[in-house]
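Chemist: Before I ask anything, here is the structure I am working with.
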Amino acid sequence: MRTPANSSRLPLSKPITATEEAGYRDIGGEQVYYVIHRARTPVAQMLLPGHFVTERPFAYALWARWARALAEQGVSALRFDYRGCGESTGEFQRFTLASWLEDCRVLHSFLAAQSAGVPTVLGGIGLGGLLASQLFQEGLGVAMLLWSP
């Protein structure tokens, strides 16, 4: 189902012109699950640090739909689960905010390497907004968009 351009609803189905690729990145001996939503010809790319694990059941679908909508509009997007959360490996209690900030840094580097020269924007929701703001303060990303940081 394709959503009309003037609709405020995000697409429910997989994108028509963009592609999605799921995978794992090794960080500190654990596997961090990610999905990259690739725009056909990206004008920008966005790192999407997500919500805290307790909000995942309520925000996961929204986050996936947001990434798909971005890719359809020419912005490649990378969303992921922090170590110890969601589809990533590791025991939740072993990780801290510093661990999850490291996850964000590693995945920022991975995303930046996907399309050299394409600007990277940071977009976070909840906890991800706080982590994205720290990355931005460190000089990563050319802009940021935060939801309920």
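Since every read-out is calculated from the coordinates, none of them should be taken as a lab result. Treat the numbers as computed from the prediction; the structure is a model and nothing was measured. Neighbour counts run over all protein chains shown; Cβ positions are idealised from the backbone, glycine included.
Chemist: Scan segment 64-85 for residues that are surrounded by fewer than 18 Cβ atoms within 10 Å (Cβ to Cβ), touching a residue at least 40 places away in the same chain (Cβ under 8 Å) and farther than 16 Å from residue 21 by Cα and report the count. Steps first, answer last, please.
Modeler: Going residue by residue through segment 64-85, those that are surrounded by fewer than 18 Cβ atoms within 10 Å (Cβ to Cβ) are 65, 73-74.
Those left that are additionally touching a residue at least 40 places away in the same chain (Cβ under 8 Å): 65.
If we keep only those that are farther than 16 Å from residue 21 by Cα too, we end up with none.
Going through segment 64-85 one residue at a time, the tally reaches 0.
Chemist: Could you list, in sequence order, the residues of segment 104-135 that are within 12 Å of the chain's Cα centre (by Cα) and within 18 Å of residue 41 (Cβ to Cβ)?
Modeler: Result: 111, 120, 121.
Chemist: Could you go through segment 13-29 and let me know if any residue there is part of a loop (DSSP other than H, G, I, E, B) and of a type in the set (Phe, Trp, Tyr). Let's see the steps before the verdict.
Modeler: Of segment 13-29, the ones part of a loop (DSSP other than H, G, I, E, B) are 13-18, 28-29.
With of a type in the set (Phe, Trp, Tyr) added as a condition, the list becomes none.
Checking segment 13-29: not a single residue is part of a loop (DSSP other than H, G, I, E, B) and of a type in the set (Phe, Trp, Tyr).
Chemist: Among the residues of segment 87-141, count how many are touching a Gly at 6+ places or on another chain (Cβ under 8 Å), touching a residue at least 60 places away in the same chain (Cβ under 8 Å), in a helix (DSSP H, G or I) and surrounded by fewer than 20 Cβ atoms within 10 Å (Cβ to Cβ).
Modeler: 2
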